[in-house]
Amino acid sequence: MSFVEKLNQVHLDILKEIGNIGAGNAATSLSRLLNRKINLKIPTVQVATYDEMVELAGGSDQVVAAVFVRIEGDTPGNMFFVLPPEHVSYFVQVMTGDSSITFEEPPYSEMGISAFLEMGNILSGSYLSALSDFTSLNMQPSVPSASIDMAGAILTMGLIELSQVSDYVIVIDTILEEENSDRGEIKGHFFLLPDPDSFEKIFKALGVNIDE
Amino acid sequence: MNKLKEVVKVGIADLNVVRAPGVIRTSGLGSCVGVVIYDQAKQIAGLAHVMLPDSSLSKGKTLNKAKYADTAIKELLDLLMKEGAKKYALRAKMAGGAQMFQFSTGGDMMRIGPRNVEAVKKQLDIFRIPIVAEDVGGKNGRTIEFNPETGMLNIRTVNKGVKDI
């Protein structure tokens with residue numbers, strides 16, 4: 001039986017807490033970076049098909065901006081920070097003070113991409129360092145990489161390890177939102193996709209057996 | 001009266017066939033490869049959204065044939081023959097296999113796009129199906145739609161426009 005079918009409510013609650021701790025720390029970092037109040041929605045953990053996962057980011061065809069980080073260390077995996085391009089424009093404009101930078105149309109400014117990557121770097125670093133402290137496991141982010149393209153094309157990149165084992169993915173999805181934004185809802189998704197073998201290590205580090 | 005054209009949608013690691021006047025589509029191909037095999041005379045086409053190069057990579061208990069290049073093409077051929085396509089008339093078109101992110105490390109996983117392309121070509125060669133057109137590689141995502149009536153593969157991208165091959 002694949003590990004996905006062995007998961008019970010306790011496991012899912014643990015993964016939810018992981019999403020909470022990681023993204024909570026990331027939200028604090030984002031808030032400092034932009035000097036804005038950033039809120040965290042309660043994380044969701046879902047066992048989804050590939051298509052359903054892509055649906056969470058707005059659908060296969062939907063154009064999104066994403067930073068992709070490979071997690072290295074004790075529990076390898078993939079992490080994405082996914083936003084609508086116009087929201088990235090806004091964040092990067094606030095960060096750099098340059099309102100001419102936009103991500104709606106190519107060519108994208110080099111400065112803008114660089115700022116977006118740095119944002120991804122800070123957020124994934126703070127997400128993982130919180131997880132690492134909580135689990136006492138060694139987790140390090142790789143150098144981030146950014147892309148603005150179809151959600152399906154981007155997210156399937158994170159499924160390569162997992163897809164060799166299972167037709168389902170466990171998606172730990174956390175949404176960050178800016179409070180009192182005058183630009184409507186500003187939202188970013190964190191997708192955490194641990195490699196299949198990493199789940200057992202995460203549970204073990206927290207004193208829970210996968211077969212429980 | 002305009003009749004709404006039937007669009008058969010193929011998901012990730014999925015495959016299906018369509019007859020004219022319907023069309024067949026798959027969205028958001030990144031490192032995955034979309035391969036179309038069709039019989040122009042019979043106006044039948046099959047499309048597979050291939051994710052991984054080889055079924056020997058599978059570590060799971062059940063095997064989703066549409067996921068791997070080797071099993072997907074065989075399955076697609078079986079389906080097409082069942083629908084009445086003639087083996088000698090079959091032609092193929094393919095798109096996808098991009099490298100969405102650039103990394104210095106990561107090795108084989110990051111090269112998954114080109115590996116998928118190679119694996120699909122190898123399989124088509126084994127079954128002696130000629131590839132008449134392709135749009136593979138690069139760094140961008142693609143949404144593709146095939147029309148068995150015209151034999152054209154429409155490719156849409158975010159940054160590089162639309163084209164027919």
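Within chain A, the selection of entire DSSP H helices by a Cα span of 18 Å or greater along the long axis and an average Kyte-Doolittle value of at least 0.5 returns A:110-135.
Of all DSSP bridge pairs formed entirely within chain A, close to 95 percent run antiparallel. For chain B, averaging the sequence separation of C-alpha pairs within contact (under 8 Å, six or more residues apart) and dividing by the residue count gives a relative contact order of 26 percent. Among B:41-51, B:75-85, sorting by the average number of other beta carbon atoms lying within 10 angstrom of each residue, highest first, gives B:41-51, B:75-85. Can you work out D for region B:7-164 in µm² s⁻¹ from Stokes-Einstein, where Rh is the Kirkwood radius over C-alpha pairs, the temperature is 37 °C and the viscosity is 0.692 mPa s? Taking Rh from Cα pairs, D becomes 213 µm²/s.
Near residue B:38: Cβ cut-off under 10 Å, other residues only, Lys/Arg at +1 and Asp/Glu at -1. The net charge is +2. Per the Cα gyration tensor, the protein assembly as shown maps to an equivalent ellipsoid with semi-axes of 37, 25, 17 Å, ordered largest to smallest. Could you tell me the distance between the Cα centroids of region B:49-98 and region A:57-120, to the nearest Å? First find each Cα centre; the distance between them is then 34 Å.
Measuring against 31 Å, Cα to Cα, the residue pairs B:9/B:42; A:204/B:65; A:37/A:204; B:93/B:139; B:61/B:121; A:201/B:139 contain A:204/B:65; A:37/A:204; A:201/B:139 as the ones spanning a longer distance.
Rounded to the nearest 10 degrees, the angle from helix B:112-126 to the longest Cα principal axis of chain B is 50 degrees. Pairs of Cα atoms in chain A fall into 5 Å distance bins, from 0 up to the last occupied one, in shares of 1, 7, 16, 20, 21, 16, 10, 5, 2, 1, 0 percent. For chain A, the 222 nm mean residue ellipticity estimated from helices alone, with every DSSP H stretch of n ≥ 4 adding -39500 (n - 2.57) and the total spread over all residues, rounds to -13500 deg cm²/dmol. Angle of helix B:69-82 to the longest C-alpha principal axis of chain B, folded into 0 to 90 degrees and rounded to 10: 10°.
If you add up the charges near residue B:24, with Lys and Arg at +1 and Asp and Glu at -1, over every other residue whose beta carbon is less than 9 angstrom from its beta carbon, what do you get? Surrounding charge for residue B:24 is +1. In this label model, residue A:118 and residue A:52 are separated by 4.0 nm, measuring between points 7 Å along each Cα→Cβ vector.
The value of relative contact order for region A:3-205, using C-alpha pairs under 8 Å at least six residues apart, is 35 percent. Counted by Cβ distance under 9 Å from residue B:64, the other residues give a net charge of 0, where Lys and Arg count +1 and Asp and Glu count -1.
Treating r as the C-beta distance of residue B:122 and residue B:57 and R0 as 22 Å, the FRET efficiency rounds to 0.90. Per the Cα gyration tensor, region B:45-100 maps to an equivalent ellipsoid with semi-axes of 22, 16, 8 Å, ordered largest to smallest.
Since every read-out is calculated from the coordinates, none of them should be taken as a lab result. Remember, it's a predicted structure, so these values are computed and weren't measured experimentally. In this analysis, Cβ positions are derived from the backbone assuming ideal geometry, glycine residues included, and neighbour counts consider all displayed protein chains.
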